[in-house]
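Trainee: Here's a structure for you.
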Amino acid sequence: MLVGVISDSHDRIEAIRAAVERFNSESVELVLHAGDIVSPFSVREFEKLRCKIVCVAGNNDGDRGALRKFLGRFGGELRDSFCKLDVGDRRVALIHGEFPEVVEALILSGRYDVVISGHSHEAYIREQNGVLALNPGSCSYPIVNGVVTIGRGTIAILDLGKMRANLLTI
């Protein structure tokens, strides 16, 4: 199963559009958003996805009730800042990730096949203790060499069958 992974979209409509177009062109079957959509108006862009989206709340998400309502109109979901999902036969932890120690504890727990986090805007893919740890970076304001930029953001495509992920620039 191919899963699109996005985080920290921060209302940047053009970045969300680019991510949605890429996810649709890659025929992903599910999109996971690791938080910080921010405002309900930007949810409209996710409605163009050809698959379901599950999001966790981020520290910058304002009106979570409205975000839930707007996502719910097309079958999307907003969960709290952490959720566990069974995707096929894989156990996935999805967390915004304000506290790196919590993300590391999830990875070290061995309870999940994949741990997806956001918040830092720094993209990485690594394997640790048999767990695939993935942060897609920010689709809106990536951090490059420790500096927040306004440039091309990043997303990821996760192949759960092969347990492999790729970072993509949008």
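Trainee: Just name the residue that is modelled with the lowest pLDDT out of those in region 137-170 that are among the hydrophobic types (A, V, I, L, M, F, W, C) and part of a loop (DSSP other than H, G, I, E, B). Spell out the reasoning first.
Mentor: Applying the first criterion (among the hydrophobic types (A, V, I, L, M, F, W, C)) to region 137-170 yields 139, 143-144, 147-148, 150, 155-158, 160, 163, 165, 167-168, 170.
From what is left, the residues that are part of a loop (DSSP other than H, G, I, E, B) are 139, 150, 160, 163, 170.
Numbers: Cys139: 93, Ile150: 67, Leu160: 98, Met163: 97, Ile170: 91.
Among those residues, the one meeting the criterion is Ile150.
Trainee: Still on this structure, I have one more. List every residue pair whose Cβ atoms lie under 9 Å apart, where the two residues are 6 or more positions apart in sequence or sit on different chains, the first residue falls within region 101-117 and is in contact (Cβ under 8 Å) with a residue 12 or more places away in the chain and farther than 11 Å from Arg91 by Cβ, and the second residue, located anywhere, is of a type in the set (S, T, N, Q) and surrounded by fewer than 23 Cβ atoms within 10 Å (Cβ to Cβ).
Mentor: Correct list of pairs: Ile107/Gln128; Ile107/Asn129; Leu108/Gln128; Leu108/Asn129.
Trainee: Another question, if that's okay. Out of the residues in region 21-36 meeting the condition of being more than 11 Å from Val54 (Cβ to Cβ) and among the hydrophobic types (A, V, I, L, M, F, W, C), tell me which one is surrounded by the most Cβ atoms within 10 Å (Cβ to Cβ).
Mentor: Within region 21-36, the first condition is being more than 11 Å from Val54 (Cβ to Cβ), and the residues that meet it are 21-29, 35-36.
Remaining after also requiring among the hydrophobic types (A, V, I, L, M, F, W, C): 23, 28.
Values: Phe23: 28, Val28: 23.
Out of the qualifying residues, it is Phe23.
Trainee: Within region 108-122, can one find any residue that is surrounded by 22 or more Cβ atoms within 10 Å (Cβ to Cβ), touching a strand residue (DSSP E or B) at 6+ places or on another chain (Cβ under 8 Å) and at pLDDT below 95?
Mentor: Taking every residue of region 108-122 in turn, at least one turns out to be surrounded by 22 or more Cβ atoms within 10 Å (Cβ to Cβ), touching a strand residue (DSSP E or B) at 6+ places or on another chain (Cβ under 8 Å) and at pLDDT below 95.
Trainee: Any idea which of Phe82, Phe99 is surrounded by 13 or more Cβ atoms within 10 Å (Cβ to Cβ) and over 22 Å from Ile157 (Cα atoms)?
Mentor: Working: Phe82 fails: over 22 Å from Ile157 (Cα atoms).
Exactly one residue qualifies, and that residue is Phe99.
Trainee: Check every one of the strands (runs of 3 or more DSSP E) wholly within region 1-95 and list those with 1 or more residues that are among the small types (Gly, Ala, Ser), touching a Leu at 6+ places or on another chain (Cβ under 8 Å) and at pLDDT 95 or above. Let's see the steps before the verdict.
Mentor: Working: elements: 2-6, 30-33, 52-56, 77-79, 82-87, 90-95.
Once the strands (runs of 3 or more DSSP E) in region 1-95 are filtered for at least 1 residues that are among the small types (Gly, Ala, Ser), touching a Leu at 6+ places or on another chain (Cβ under 8 Å) and at pLDDT 95 or above, what remains is 2-6, 90-95.
Trainee: Could you list all residues from region 119-136 that are outside any loop (DSSP other than H, G, I, E, B) and touching a Leu at 6+ places or on another chain (Cβ under 6 Å)?
Mentor: Correct list: Ile125 only.
Trainee: Determine, yes or no, whether Val56 is over 25 Å from Glu45 (Cα atoms) and crowded, with 22+ Cβ neighbours inside 10 Å.
Mentor: Details: over 25 Å from Glu45 (Cα atoms): no; crowded, with 22+ Cβ neighbours inside 10 Å: yes.
No, not satisfied.
Here is a yes/no grid of residues against (1) acidic (Asp, Glu); (2) farther than 17 Å from Asn24 by Cβ; (3) in contact (Cβ under 8 Å) with a residue 60 or more places away in the chain:
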site	(1), (2), (3)
Lys52	no, no, no
Arg68	no, yes, no
Leu71	no, yes, no
Gly76	no, no, no
Ser81	no, yes, no
Leu94	no, yes, yes
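The values are calculated or read from the model by the stated rules, or taken from the named source; none is laboratory data. Everything numeric in this text was worked out from a predicted model, so none of it was measured. Heads up, the Cβs are rebuilt from the backbone with ideal geometry, glycines too, and the neighbour counts pull from every protein chain shown.
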